[in-house]
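The values are calculated or read from the model by the stated rules, or taken from the named source; none is laboratory data. Everything numeric in this text was worked out from a predicted model, so none of it was measured. Every residue, glycine among them, receives a Cβ derived from its backbone with ideal geometry; neighbour counts consider all protein chains shown. For accessibility, only protein heavy atoms count, side chains too; no ligands or nucleic acids. Shrake-Rupley method; radii C 1.70, N 1.55, O 1.52, S 1.80 Å.
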Amino acid sequence: MLNDFQNIDLFPLSIYEVITHLLVSLACGLFISGVYRITYRGPSYSRSFTQSLVLLAMITSIVILVIGNNLARAFGLVGAMSIIRFRTAVRDTQDIVFIFFSLTIGMAAGVGLSLLAIVGTLMISTVILLLVNIRFGNTGKQQHLLQISYQSTETNGARLTEILARYCKEVKLMNLKNTGPGGELEAFYQVVLKRNLLPEDLIRELNAVQEVFGVNLFFDEDDGYGPAN
């Protein structure tokens, strides 16, 4: 009886249905990927991630088609997928949202709910575009991403800290990495400049510090960083 339950196949799929499900997931995946490309405002856009959103929707549909309503396949696939380890760090919360978005739409297309997949894609994408266009959640602060490459010495560190405190109302260290064997460091700060202070003056004074190799300041426009003017 257990074997009969495991092998039961109430909804056999034709080649036409399989192609239809995959085409729906492809179309929805392309649309989701396009919305991500339009709305992304992070510091490092990834073309491979954008392409992966399309493939993720299609692969999820295939997984659902493979499982069908077979309990044995479902448990077997869970065991097989548990072997895979994903160690790539997700850089932005928005990336996680789009991953779940693509997964969910792929599941809907895989079980044959094409109308739900299409309408869900259009509705959620509309909400995403609306939130971005009205700048929902914007704090109103003009934030900057500051990149400094310098030789790590006690004098340099104290001098840089003093300059940042004088020019910036808020300073948050985002990343610090060693770029050379001689103690060269590259630091990334998220800063909010004090009122009536010019970014050009901050860059000029930082560059004047001894053994500072380079300074870059990026402005935050709609939560996206670009070169400061």
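Has the stretch 192-199 got any residue that is more than 30 Å from Leu53 (Cα to Cα) and β-branched (Val, Ile, Thr)? Yes, because at least one residue in the stretch 192-199 is more than 30 Å from Leu53 (Cα to Cα) and β-branched (Val, Ile, Thr).
Matching residues to (1) touching a Gly at 6+ places or on another chain (Cβ under 8 Å); (2) at pLDDT 70 or above; (3) small (Gly, Ala, Ser):
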site: Gly79; (1), (2), (3): no, no, yes
site: Arg87; (1), (2), (3): no, no, no
site: Ile128; (1), (2), (3): no, yes, no
site: Ile134; (1), (2), (3): no, yes, no
site: Gln142; (1), (2), (3): no, no, no
site: Leu160; (1), (2), (3): no, yes, no
site: Tyr167; (1), (2), (3): no, yes, no
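Has the stretch 37-49 got any residue that is at pLDDT 85 or above, surrounded by fewer than 17 Cβ atoms within 10 Å (Cβ to Cβ), touching a helix residue (DSSP H, G or I) at 6+ places or on another chain (Cβ under 9 Å) and over 26 Å from Ile15 (Cα atoms)? Yes, the stretch 37-49 contains at least one residue that is at pLDDT 85 or above, surrounded by fewer than 17 Cβ atoms within 10 Å (Cβ to Cβ), touching a helix residue (DSSP H, G or I) at 6+ places or on another chain (Cβ under 9 Å) and over 26 Å from Ile15 (Cα atoms). Of all residues in the stretch 193-219, how many are touching a residue at least 60 places away in the same chain (Cβ under 8 Å), closer than 15 Å to Leu145 by Cα and open to solvent by less than 30 Å² (accessible area, probe 1.4 Å)? Residues meeting the conditions: 3. Number of residues in the stretch 175-192 that are open to solvent by 80 Å² or more (accessible area, probe 1.4 Å) and either under 15 Å from Thr161 (Cα atoms) or part of a helix (DSSP H, G or I) (or both): the value is 1. When Leu145, Leu160 are checked against the criterion of being open to solvent by less than 80 Å² (accessible area, probe 1.4 Å), touching a residue at least 24 places away in the same chain (Cβ under 8 Å), more than 30 Å from Ile19 (Cα to Cα) and in contact with a Pro (Cβ under 7 Å, 6 or more places away or on another chain), a single residue qualifies: Leu145. None of Val54, Val63, Val24, Val97 is of a type in the set (A, V, I, L, M, F, W, C) and at pLDDT below 85 except Val63.
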